[in-house]
Structures are given as C-alpha cells and as structure tokens.
1. Within region 170-212, work out how many residues are of a type in the set (A, V, I, L, M), under 30 Å from Pro379 (Cβ atoms) and either in contact (Cβ under 8 Å) with a residue 24 or more places away in the chain or in contact with a Leu (Cβ under 7 Å, 6 or more places away or on another chain) (or both).
2. For region 219-234, which positions are within 17 Å of Val254 (Cβ to Cβ) and either in contact with a His (Cβ under 9 Å, 6 or more places away or on another chain) or of a type in the set (Asp, Glu) (or both)?
3. What number of residues within region 373-389 are surrounded by fewer than 20 Cβ atoms within 10 Å (Cβ to Cβ) and either near ligand 1 (Cβ under 6 Å from one of its atoms) or of a type in the set (Ser, Thr, Tyr) (or both)?
4. Against the definition (part of a strand (DSSP E or B) and assigned by TED's automatic domain parsing to the domain that holds Ala292), how does Val346 come out, yes or no?
5. Go through region 378-422 and report how many residues are aliphatic (A, V, I, L, M), more than 10 Å from ligand 2 (Cβ to nearest atom) and not in a helix (DSSP H, G or I).
6. Residues Ala398, Ala338, Ala352: which one is more than 21 Å from Ile305 (Cα to Cα) and either at pLDDT 95 or above or more than 30 Å from the chain's Cα centre (by Cα) (or both)?
7. Read through the list (1) buried (at least 17 other Cβ atoms within 10 Å of the Cβ); (2) within 27 Å of Ala200 (Cβ to Cβ); (3) not basic (Lys, Arg), then give the number of the only condition that Val135 fails.
Amino acid sequence: MKTKKHENHTYIIESEDMERKNEMLLQYIKEKVNQLLQIMGTKPLRDEELNDESLIAIDPIGIIAESFEQVLDHLKESNRQLQLARDYLQAVFDTAGVGISIIDRDLKIIKCNEKQKELLVNGVSQIEGRHCYEVYCGIDSPPLICPAIETLEMERAVFLKEVTKKGKVFQIVTSPLRDRSGSISGVIEVSMDITEKKRALEAMCQSEKLAAVGQLAAGIAHELNNPLGNILGYAKLLLMEQDTTEFQKNRLEVIIEQAKRGSSIIKGLLEFSHQKMPVFERISLNACIELALRSLSDEIRSNNIEILTGLGTVPYVMADPKQMEQVIYNILLNAIQALEGKGGIVEIKSEALNGSVEVTIKDNGPGIPKEHLSRIFEPFFTTKPVGKGTGLGLSICAEILKKHSSNICVESEVGKGTKFSFRIMGGVTGNV
Ligand SMILES: Nc1ncnc2c1ncn2[C@@H]1O[C@H](COP(=O)(O)OP(=O)(O)OP(=O)(O)O)[C@@H](O)[C@H]1O
Ligand SMILES: [Mg+2]
C-alpha cells in the first residue's frame, strides 16, 4: 500500500512500516516455498512467477501439500514393509533351532534368543546389556580363550567344535557383525546343540566296535575250541591211567582245570559273538529269576549274601527263556562278586509297568566309579583280577536285550551300591 494523504502523519508512517513488513514476509514465504518445491523435486518458481496472481494460479502450497501426502503414503508403506521384515526376522530369531546372540564390541549382549538362553544361561534373568562372559561363562572378566574376542580381534569367524555346559554338548560359531561402512560393530554368536548327534555317533561307533570285536572273538574262539577240547580229553585220559603218579595226577588236574577255564572263556566269547537269534516264546520272567537264583545258590551261600525277592504279579512276555535267564544270572553274579565275600544284600524285583515287565537287581556293594560307568558294557572291560572275569558278562546281557528290543540301565553310587534294570514288553495275555 502506497501512502495515502492524511492529516495524521503518524498513521502514514505506520502504514509504510507495515507495507515493508508484508513485503519481507512475502519474500520469506516465497523463498521457503521455493525451498520446499526444490525438496519435493519440483522446479523453483521464477521471479516473474512470484507475483501474487501467478502464485495463486500455480498453487505451490497445494503442490507441496499433495507431495507431502504422497510422501506420507510412501512412508506408511515403507513402515509397513519394515515392520513385516522385522516380524519375519524376529520369528526366525525366536524359532531357530540354534541359539543366537548379538554382542557389541564391548562384549555386551544386545540381543539373545530363547534357544541361546536355554543352552547357555544359568539362572540369569536380565541378559541384554550385560557382558557375555558374565551371563554365559559366569565370570567377572573376559576369559583367555573366547571365540567372540577372537572374532573381534582377528576379524574372522571362529568355530568351537565341542563345548559342554548344563550336561549338553554344543558347537559355537562366532562371526563378525559389520556396519554399513564395513567395519566390525560386534559379533554374532550361534550355538548348536549336538548332544543327540554325538550320542548317536558314539552308539554307532560302539556297535561297529562290538561287531568288529565279535568277529575277531568268534574267529579266535573257533580256532581255540578244538585244540583245547583235545588237551582236556587227553589230560582226562592220562588221569585215568593206572601207572600215573600222584605228582603227575596233580599236574594233570591243573591242566584240566586251566583247560576248563579256557573253555568257559571261549564259551563266553562265542555267546557274545555268535549273535544267536532269540527263540521267542511266551514265558514268565519270574520263572527265569527263580532258575537263575537256583543256579547261583552255592555262590549266594558261600558269600554269605542275603537275597531279598519281590516278584510281582507280572504279565507273560515273549522272550527267549534261556537268554533271559542268562541276563539275570550275569547281573546277579556281578552283584555277588561285587560284595566280595563280605556279605551284603542283593534285592531282585519284578514289576508290571505300562504293559511291560521291569526286572531290577540292586546290591549294597561298593558301587561303580563314574569313569567306569560308561565302559562296563564294553566287551573285555573288567576290573576283576586275571582269572576272575573276562569282562564279557554285561556285553552279552546288552546284546541279548538289544535283540529283545530292550536295553539295560544302570545307576550306581560309590560306597552305596548298584542297581541294574531292564524292561521286556508284555503284550501277551495273562499274568504269571
Ligand atoms: N554290581 C556291580 N557292582 C560293582 N561293579 C560292577 C557290578 N556289576 C558290574 N560291575 C563292574 O563292571 C565290570 C564289567 O562287568 P562284566 O560282567 O561285563 O564283566 P566281569 O564281571 O568283569 O567279567 P565276566 O562277567 O566276563 O566274568 C566288572 O568288572 C565290574 O567292574
Ligand atoms: Mg560279570
């Protein structure tokens, strides 16, 4: 607005002042509009376009508002996609069968999934934000050997083949976590539970070993059987000769005794290796227990053993009666031998359990040390003095039970005693 003639001089001055202010404001708005148009990717307005009329016709504010709307829609869609991707990632993170942690350069845990907690964490509730060595290793300072530290220092993945924790065996792989610039911002640690895999592998090795030992044993036993039988036969014949002296008789008796011992070892080897298939029939395990006890009555008496029997009302089972008797005999004999003639109690029980029969043989002997427990089913593992045991008893039991789709369980505590048990499926009508 130009100055108007007016008596009041002050009013004219004020009016000029306002006009200047308005122009400045308009200039400011035009500049900002141009800036916004540039941001939105629209050409800035030329000076001649910036007069009031063209400004209204072009409607830059409308353009900006529309662009904002488009940007907002785009942003909403991007957010939705981002949320979806995050949900997928979280689902993979949570349900992966492996433990995953993300650790920063200061060894603090940024994120850790449930599986990782299950494998590595022992009674720690707050995990994120704490040092990994505190949470996973239970120590106050970084350990000397740590795959995460090695990954950070060497900038490469590190693989730990076998770690044992909480009774489980697992493998750990740590890999560098890189930011957009390529520098290492932390470590991704993945833990894989291999307990079952290792157990299966060990079982496979064990059965391969057993098969190899079995073949070897069968070969040797076969070769030795005939000459040993001849030694025994001829020694017996010589013993019957009229002119054999007392001295010679004594020697011959030693030969016969040793040959018999050799024969019984061979018998054991053949039993172990022959892989005799069971002849299944409807039998009573209680009857097998009674037969085994009867065969061992001399040992029980001479070793001053108290036998407690608890034979329950159990179903008949389909099994090989001779083989079942042998399993019970071998376990019972071990229990008697473990009591070493010092007297003691051996408890033998049979129980009906979910359609099968469980036989338990428990002694209050010296127990089996932990380091022996995993070896007692190995053929030829014995702690008995030479001449007392061949170490085949329990491996024969395990083999027999395997053929009856069963296995043998052992619990033992040094100084308290040992309990062996096995189950045979019932499935045959009628109780004993
Ligand atoms: N009840 C038990 N108490 C303590 N140790 C036991 C018991 N049963 C078995 N063992 C241990 O397991 C080992 C292996 O037993 P296994 O019956 O296979 O062989 P063995 O008794 O030594 O010899 P074999 O049975 O061939 O005469 C034994 O030497 C002994 O150390
Ligand atoms: Mg034995």
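The values are calculated or read from the model by the stated rules, or taken from the named source; none is laboratory data. What you are looking at is a predicted structure, and each value in this text was computed from that prediction instead of being measured. Note that we place each Cβ from the backbone using ideal geometry, even for glycine, and neighbour counts take in every protein chain shown.
1. 2
2. none
3. 6
4. It is true that Val346 is part of a strand (DSSP E or B) and assigned by TED's automatic domain parsing to the domain that holds Ala292.
5. Residues that pass the stated criteria total 4.
6. Matching residue, one of Ala398, Ala338, Ala352: Ala352.
7. It fails just one condition, (2).
This table checks each residue for (1) within 12 Å of ligand 1 (Cβ to nearest atom); (2) assigned to a helix (DSSP H, G or I); (3) not assigned by TED's automatic domain parsing to the domain that holds Ser207.
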| position | (1), (2), (3) |
| --- | --- |
| Ser264 | yes, yes, no |
| Lys267 | yes, yes, no |
| Cys288 | no, yes, yes |
| Met318 | no, no, yes |
